[in-house]
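**Q** First the structure, then my questions, so here it is.
The values are calculated or read from the model by the stated rules, or taken from the named source; none is laboratory data. Worth saying up front: this structure is predicted, and the values here are computed from it rather than measured. Positions of Cβ are backbone-derived with ideal geometry, glycine not excepted, and every protein chain shown enters the neighbour counts. When the accessible area is computed, the model is the full protein with side chains, heavy atoms only, and any ligands, DNA or RNA have been set aside. Shrake-Rupley method; radii C 1.70, N 1.55, O 1.52, S 1.80 Å.
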Amino acid sequence: MVANDTRIAILGGKGMLGTDLAGICKQQGFDVKVFDLPEFDITNSQQLKQAVGAAEVIVNCAAYTNVDGAESETDLAYLVNAAAVGRLGDIAKDADKWVLHISTDFIFDGRLNTPYVETDAPNPINEYGKTKLAGEQLLGESGCRHCIIRLEWTYGFAGNNFVTKIIRRAKTDKTLKVVDDQVGSPTATTEVAKVICRLLQKKPESIYHFASAGYVSRYQMAEFIFDKLSIDVNLVPCKTSDFVSDAARPLNSRFDCSKIKNLLDEQIKPWQDPLERFLRQL
Ligand SMILES: NC(=O)c1ccc[n+]([C@@H]2O[C@H](COP(=O)([O-])OP(=O)(O)OC[C@H]3O[C@@H](n4cnc5c(N)ncnc54)[C@H](OP(=O)(O)O)[C@@H]3O)[C@@H](O)[C@H]2O)c1
């Protein structure tokens, strides 16, 4: 266990997850240093070295997260999500620092018909997923002490996400088509942040899946959101193949979170409560 006054560098600390993580870490007494664009660029080795040197542990939330954009801006996505993560590992190895890196369900193809466990074979079906997988691999090859936490379907106040996008669409469209063949677990970044704080205290060196408990389709998630907000909209279920998008999406994003549940020795809360709380605060 480390004391809560540990100094933590959060790379990408102004993004959707990073913002909530910085806030919750501060509440818990951690000494937080936030690094993000434009002052800090993870692809700049010198700046990366300074960020690693500024803290005892490094949490990497920095990422190129535009899934469709990564199909055309593949080189940039690779530099941020893969090459820079490998360099982070090399620098952390030299400085003997522990790194907590954030990854994604998009490293899987979503074709499995059961929830994914950490040892399932990755097989990304889009460029974003390929760069995120390469980041995991390069971090592993660096030999630094590290932990990877894979997330899915996250939402928070500091970023664009399915919840905010669909509410915005309902303001202009009376009928909304939402896919019912993509299944996962809506997960609040505040819940992720609390789990990361626990990991910061244990500093495990392994890969973990984390998501709120329970599974739902995007269509069912939309139904829940509009029901809770009493928004009258005509929701129509459709298939992923009905939409044209640059990047393919995995249909099955379900995670088996037994491994992290055992490590933290606590139940994971169902997805409904945090989402309801988020909607109340909107
Ligand atoms: N959102 C999801 O559903 C989801 C699901 C699974 C996993 N994840 C993972 O969760 C992590 C956090 O993502 P998020 O959802 O919080 O997305 P986000 O809001 O886009 O956060 C990423 C942050 O990284 C910053 N960034 C981008 N390029 C950078 C660079 N070259 N140097 C330094 N910082 C840079 C971004 O800045 P700008 O905004 O200025 O570009 C942003 O502040 C990522 O690893 C992502 O892959 C997200």
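**Q** Could you please report the charge total around Lys171, scoring K, R as +1 and D, E as -1 over all other residues with beta-carbon less than 14 angstrom from its beta-carbon?
**A** On the way: positive: Lys165, Arg168, Arg169, Lys174; negative: Asp173, Asp232.
Result for the local shell: +2.
**Q** Same structure again: How do the peptides 148-159, 114-125 rank, highest first, by the average count of neighbouring beta carbon atoms within 10 Å per residue? The partial results should precede the final answer.
**A** Numbers: 148-159: 21.2, 114-125: 15.2.
Packing proxy ranking, top to bottom: 148-159, 114-125.
**Q** Okay, moving on. Nearest 20 debye, what's the magnitude of the dipole of the stretch 1-52 about its Cα centre given +1 on Lys and Arg Cβ and -1 on Asp and Glu Cβ?
**A** With only Lys, Arg, Asp and Glu charged at Cβ, the dipole is about 80 debye.
**Q** Tell me, how many Å apart are the Cα centres for the stretch 67-117 and for the stretch 215-250?
**A** For the stretch 67-117 versus the stretch 215-250, the Cα centre distance is 27 Å.
**Q** Taking a point 7 angstrom from the Cα of Glu118 along the C-beta vector, which residues in the stretch 239-266 have backbone N less than 15 Å away?
**A** Once the point is set 7 Å along Cα→Cβ of Glu118, 255-266 turn out to lie under 15 Å by backbone N, inside the stretch 239-266.
**Q** Considering only protein heavy atoms, what per residue accessible area in square angstrom results for the stretch 101-260 with a 1.4 angstrom probe? Kindly include the intermediate steps, with their values, before the conclusion.
**A** On the way: 6690 Å² over 160 residues.
Using a 1.4 Å probe on heavy atoms only, each residue of the stretch 101-260 averages 42 Å².
**Q** What FRET efficiency, computed as 1/(1 + (r/R0)^6) with R0 = 30 Å and r the Cβ-Cβ distance, is obtained for Arg198 and Asp227, rounded to the nearest 0.05? Present the calculation step by step, with values, prior to reporting the outcome.
**A** Details: r = 32 Å, r/R0 = 1.07.
Efficiency, rounded to the nearest 0.05: 0.40.
**Q** Now for a different question. How much of the accessible area of the stretch 28-139, in percent, comes from carbon and sulfur atoms when a 1.4 Å probe is used?
**A** Numbers: 2300 of 4790 Å².
It is 48 percent, rounded to a whole number.
**Q** Can you pick out the pairs among Lys130/Lys194; Lys26/Lys194; Lys33/Lys165; Lys202/Lys261 whose Cα atoms lie more than 18 Å from each other? Walk me through the numbers on the way to the answer.
**A** Numbers: Lys130/Lys194 28 Å; Lys26/Lys194 11 Å; Lys33/Lys165 30 Å; Lys202/Lys261 13 Å.
Violating the 18 Å Cα-Cα cut-off are Lys130/Lys194; Lys33/Lys165.
**Q** Further, regarding this structure: If contacts are Cα pairs under 8 angstrom and at least 6 residues apart, what is the relative contact order of the chain in percent?
**A** On the way: 570 pairs, mean separation 59.3, N = 282.
Relative contact order comes out at 21 percent.
**Q** While we're on this one: Scanning the chain for helices, which whole DSSP H stretches are 18 Å or more long along the axis (Cα) and average 0.0 or more by Kyte-Doolittle? Could the numbers behind the result be given before it?
**A** Numbers: long enough: 127-142 (22 Å, -0.79); 189-202 (20 Å, 0.29).
Flagged H segments are 189-202.
**Q** Report the calculated FRET efficiency for Gln46 and Asp256 (r = Cβ-Cβ distance, R0 = 45 Å), to the nearest 0.05. Mind dumping the intermediate values first?
**A** Values: r = 40 Å, r/R0 = 0.90.
Efficiency, from the Cβ-Cβ distance: 0.65.
**Q** Can I ask one more? Report, in debye and to the nearest 20, how large the dipole of the stretch 56-185 comes out about its Cα centre when Lys and Arg carry +1 and Asp and Glu carry -1 on their Cβ. Before the final figure, lay out each step's value.
**A** Working: 14 positive and 19 negative charges, 119 e Å.
My answer is approximately 580 debye.
**Q** Around Ala55, with a cut-off of 9 angstrom between Cβ atoms, what is the net charge of the other residues, counting Lys and Arg +1 and Asp and Glu -1? Before the final figure, lay out each step's value.
**A** Details: positive: Arg7, Lys33, Lys97; negative: Asp31, Glu56.
My count for the surroundings of Ala55 gives +1.
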